[in-house]
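Worksheet: one structure, shown below.
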Amino acid sequence: MSSTAPELQQAASLLRDAHHGVVFTGAGVSAESGIPTYRGQDGLWRRYDPYQVASIESFRADPSRYWQVALERGREMRQAEPNPAHRAIAGLEEAGHVEAVVTQNTDGLHQRAGSPQVLELHGNARWVRCLDCGAVEPRPQVQARLERELPPRCLLCRRDRLKPTVVFFGEPLPQDVLRRSFELAEDCDVMLCVGSSLVVRPAADIPWRALRRGAPVIVCNDEPTPLDARATVVLRGRAGELLPQLLELVVARPAAESALR
Ligand code: NAD
Ligand code: ZN
């Protein structure tokens, strides 16, 4: 039996009773899909300085640094598929216990796993917009010409300030998405936080809001987070291993529980 069995059972019982659960995710939920996180053991920050690469200020000064990293990381992003954690989260929604997924990720893997209600706090990596003329292009199209053109140029105005539709450091979050996420935190009957270091603000304020108004909060992360001491349940380990077990306990209670006993 896994040492987390009692915690899994406690988390499952909270989710089973919920009809308006919210799942809050960070880069760790996509780590097992091969997309590196920023923080954590294999985090990208050990290889790049994110403020140099993905802050709006440095991007405006020189977009080539961002696109150089994009060229290097292109393959791992393109090949990424949803993993068992994304699928288990979609399963919790399908079973009627979770109302929405609030994510800091820009990779679109929740949607591809079948999650119908995804709020993207930090935008998405599907499009690229020209900062000069406003022209919009699909990201894969721009990515394809990086080999011969770096930084890539706008097809319309030929200038070289094409920026992905992700929120960079120093940029505001989409206000409508942020507002809706706080509303969900106000109304949820449980919040499950998965694969987030819970230090990037204002996103990290969302689970704190749920906690302060008395909703049970479950943290699933492979390393400690600042919220652990106040969380109702902490599931320590890899999301791709823990969440499928959790889903099984939630939807197939008698059989799964007796197997864990
Ligand atoms: P983060 O990188 O700060 O933290 C990720 C957390 O996940 C860490 O605490 C790490 O220990 C944990 N983790 C790693 N692998 C895990 C696993 N298999 N199971 C469970 N936990 C695991 O990520 P964040 O909190 O989302 O915030 C950083 C910012 O990085 C966000 O703004 C986000 O937009 C951006 N980001 C997004 C992606 C993506 O879209 N996939 C990837 C990298 C960074
Ligand atoms: Zn342009």
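Every read-out reported here was derived from the displayed coordinates using simple, explicitly stated rules and does not represent laboratory data. Only a predicted model underlies this, so the values are computations on that prediction, with no experimental measurement involved. Please note: Cβ atoms are built from the backbone with ideal geometry, for glycine as well, and neighbour counts cover all protein chains shown.
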Translational D in µm²/s for segment 77-139 (Stokes-Einstein at 4 °C, 1.567 mPa s, Kirkwood Rh from C-alpha pairs)
100
Dividing the convex hull volume of the Cα atoms of segment 1-138 by its residue count, what figure in Å³ per residue is obtained?
134
For the chain, find the longest principal axis of its Cα atoms and tell me its angle to the long axis of helix 64-79, 0 to 90°, nearest 10.
50
Whose amide H sits under 5 Å from the amide H of residue 123, counting only residues 5 or more places off or on another chain, with H placed in the peptide plane?
167
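By how many nm would the segment from residue 117 to residue 159 grow when fully extended, if each residue of separation counts as 0.36 nm and the alpha-carbon distance is taken off?
Computed gain between residue 117 and residue 159 is 11.5 nm.
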Dividing the helical contributions, -39500 (n - 2.57) per DSSP H run of n ≥ 4, by the residues of the chain yields a 222 nm value, nearest 500 deg cm²/dmol, of -11000 deg cm²/dmol
Quick check: convex hull over the Cα atoms of the chain, volume per residue in Å³, rounded to an integer?
118
Among the DSSP beta bridges whose two residues both lie in the chain, what percent are antiparallel, rounded to the nearest 5?
25
Which value, in debye to the nearest 20, describes the size of the charge dipole of the chain about its Cα centre when Lys and Arg Cβ atoms bear +1, Asp and Glu Cβ atoms bear -1, and nothing else is charged?
740
Would you mind counting up the charge near residue 107? Only other residues with Cβ under 15 Å from its Cβ, with Lys and Arg at +1 and Asp and Glu at -1.
+3
Work through the residues other than residue 239 whose Cβ is under 10 Å from its Cβ and net out their charges, Lys, Arg +1 and Asp, Glu -1.
-2
Run the lone-cysteine check on the chain: no other Cys C-beta under 4.7 Å from the residue's C-beta.
188, 193, 220
